[in-house]
Structures are given as C-alpha cells and as structure tokens.
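Reading through the structure tokens given below for one structure.
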Amino acid sequence: MAQYQSQPISQWQLGPEILSTNIFTSTDTTDLSQSPAGSTYKYTMAQLLAFVEAGVQLFNWVDVTEPTQQMAVQTGYVCDAGNTPITFTLPVDASFGSLMRILAPAPGLFTIEQNSGQQIVLLNSSTSLGNLGTLIALDQNSAIELTCIKANEVFQISSSTGQFNFL
C-alpha cells in the first residue's frame with residue numbers, strides 16, 4: 001500500500017513532465033502499491049494519474065451563477081452571481097474527511113445552511129444545531145474550506161479567509 005505523507009502543495013516541485021516530491025515513497029517507481037519506508041522517487045504525471053485512477057477521489061470545481069447551490073463532497077465552488085448572495089446547503093451524505101470549498105471573489109457573498117442534525121464548528125464557535133444553523137460570510141473575497149469530522153453531521157472549518165457570523 002502506498003504511503004502518503006502530507007505536504008503542502010507549495011513544497012511540490014513541478015517540471016514539464018515530472019512531479020518531484022517526497023509524498024510518495026516506494027522501492028519500485030513503476031508499482032505505487034509497494035511502499036516500505038525509504039527513498040524519495042520522481043514520478044511522471046502518467047504514473048500519478050494511474051495512482052489517482054486507482055482510488056483517490058478527484059476534487060471538482062463548480063462555477064455558481066444561481067442564488068442557491070446544493071453542496072457535494074470533494075467539490076469546490078466559485079461564487080459568480082455578481083451582487084446576488086449565494087445560499088449553499090451542506091450535503092446530507094458526507095463521509096468522514098470529506099472536503100468542500102467556497103471561494104467568493106468580489107462582489108460575491110455567501111451563506112451556508114445546514115440540514116437536520118448538522119453543525120459547523122471552528123474553535124469555540126459553532127452554528128446552531130440543525131436546520132436553523134447558518135454560517136454567513138461577512139466580507140467580499142471570503143473563502144472557506146469545510147472538513148467533515150463526524151459523518152453527515154459535523155463540519156469543521158479547516159481553512160478560511162474573511163469574517164463569518166455563526167447563527
């Protein structure tokens with residue numbers, strides 16, 4: 001089984017056909033399933049794509065132009081409705097570790113609504129539990145990343161830019 005060692009993308013070294021980093025370790029550069037701890041190798045993009053196709057879920061991006069958007073896991077959203085705020089609704093089905101992102105370039109603002117039994121948390125702040133809970137972006141150019149930390153129920157803000165109101 002290939003080992004994955006988390007490393008910020010900023011530390012990845014990109015070349016025309018090679019992605020060089022120590023996030024994947026293996027004794028055989030043609031078989032990513034073999035991974036005793038060891039040396040760092042360079043992998044071609046084709047090899048990394050084969051690894052992705054073998055089970056790593058891709059992250060999708062959606063350009064949102066309507067005033068409402070149902071969210072899906074492993075998906076990012078760019079608010080593109082002009083001055084119209086966009087209301088997002090958390091997904092009902094979200095497994096542990098699922099990610100969702102929202103980017104709101106000016107002049108866009110957004111709100112995240114919840115379903116029954118759901119909650120958004122950050123440090124000592126949290127939204128109200130269930131359908132009445134809402135997170136409101138207060139600043140233009142806000143961005144947020146949510147990580148599901150309890151399947152279908154609790155979403156933690158793992159990264160954000162801007163100020164948010166927890167209701």
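Report whether or not G108 is at pLDDT below 95 and touching a Cys at 6+ places or on another chain (Cβ under 6 Å).
So G108 fits the description; yes.
Are there any pairs, at least 6 apart or on different chains, whose C-beta atoms fall under 8 Å, with the first in region 129-141 and within 14 Å of T89 (Cβ to Cβ) and the second of a type in the set (D, E, K, R), and if so, which?
N131/E113; G133/E113; T134/E113
Answer yes or no as to whether S128 is of a type in the set (S, T, N, Q) and under 21 Å from N60 (Cβ atoms).
The answer is no for S128.
So which of T111, T147, T87 is part of a strand (DSSP E or B) and closer than 20 Å to F59 by Cα?
On the way: T111 fails: closer than 20 Å to F59 by Cα; T87 fails: closer than 20 Å to F59 by Cα.
Matching residue, one of T111, T147, T87: T147.
The values are calculated or read from the model by the stated rules, or taken from the named source; none is laboratory data. None of the values given here were measured: they were computed from a predicted structure. Note that each Cβ is placed from the backbone with ideal geometry, even for glycine, and that neighbours are counted across all protein chains shown.
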